[in-house]
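Participant: This structure is in structure tokens; I'll ask about it shortly.
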Amino acid sequence: MLEIGVKAPDFTLKDKDGNVVSLSDFAGKKVVLYFYPKDNTPGCTRQACAFATNYDRFREKDIAVIGISKDSVASHQKFAEKYNLPFVLLSDPELTAIQAYGVWQEKKLYGKVSMGVVRTTFIIDENGRIEKVMPKVKPDTNAAEILEWLEQ
């Protein structure tokens, strides 16, 4: 997993509308980049809805919010429409950004071991450097914890 102070790897992925989006498009702006396992699952839905609820607070601070999972563009579109998600959702089926950020890891669930996305949030500063890493975040409190940290 990436550490504080390193240059955030750039990536180019498609958003929920099929538009091409790169991290470099947000140069000069602080970015909350969160990786999550799967659209429309209970934890991921709660996390996305918490970001949506707090989205105006992020916008007031001129902070971009980007969610990435390996779900398809079509899945993201349905997810965003169903829950009114106002921020960028990027599709990474090839695991390009997911692996570059080191969040594709071994997971254990009910004794079964598999590979998957570990729910992780990165705060990237205006110069493209990682300012904070939040591994294994809790879906319900992630957005509020980020805002609290930003207001220190």
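Participant: In straight Cα distance, which lysines are under 16 Å from Lys136, not counting same-chain residues fewer than 8 positions off?
Facilitator: Lys136 reaches Lys38, Lys107, Lys108.
Participant: Restricting the count to DSSP beta bridges whose residues both fall in region 2-152, what percent are antiparallel, rounded to a multiple of 5?
Facilitator: 70
Participant: OK, next. For n ≥ 4 DSSP H runs only, could you compute -39500 (n - 2.57) per run for the chain, divide by its residues and tell me the 222 nm figure to the nearest 500?
Facilitator: -8000 deg cm²/dmol
Participant: Then there's this: Got a number for the accessible area of Arg46? Probe 1.4 Å, square angstrom, nearest 10.
Facilitator: Ignoring ligands and nucleic acids, Arg46 comes out at about 110 Å².
Participant: Using a/c under 1.5 as the rounded threshold, could you call the chain rounded, prolate or oblate? The axes a ≥ b ≥ c are square roots of the C-alpha gyration tensor eigenvalues, and prolate needs a/b larger than b/c, oblate otherwise.
Facilitator: Verdict is rounded for the chain.
Participant: Could I ask something else about it? Sort Asp39, Asp10 by heavy-atom solvent-accessible area, probe 1.4 angstrom, most to least.
Facilitator: Heavy-atom accessible area, descending, gives Asp10, Asp39.
Participant: Would you kindly find the accessible area of Thr53, with a 1.4 Å probe and non-protein molecules such as ligands, DNA and RNA excluded, rounding to the nearest 10 Å²?
Facilitator: 120
Participant: Could you put Cys49, Cys44 in order of accessible surface area, largest first, with the 1.4 Å probe and the full protein assembly present?
Facilitator: Final ranking, largest accessible area leading: Cys49, Cys44.
Participant: How many angstrom lie between the C-alpha centres of region 1-78 and region 87-103?
Facilitator: Each part's Cα centre sits 9 Å from the other's.
Participant: Tell me, what % of the accessible area of the chain is carbon and sulfur with a 1.4 angstrom probe?
Facilitator: Using a 1.4 Å probe with all protein chains present, the chain comes out at 48 percent carbon and sulfur.
Participant: Continuing with the same structure: Does region 98-145 come out rounded, prolate or oblate, given a ≥ b ≥ c as the square roots of the eigenvalues of its C-alpha gyration tensor, rounded meaning a/c under 1.5 and, failing that, prolate meaning a/b above b/c?
Facilitator: It comes out oblate by the Cα gyration axes.
Participant: If you don't mind, another one. Write down the accessible area per residue of region 96-137 in Å², having rolled a 1.4 Å probe over the full set of protein chains.
Facilitator: Ligands and nucleic acids excluded, the figure is 55 Å² per residue.
The values are calculated or read from the model by the stated rules, or taken from the named source; none is laboratory data. Every value quoted in this text rests on a predicted model; they were computed, and no experiment measured them. We work out accessible area using only protein heavy atoms, side chains counted, and drop any ligands, DNA or RNA first. Shrake-Rupley method; radii C 1.70, N 1.55, O 1.52, S 1.80 Å.
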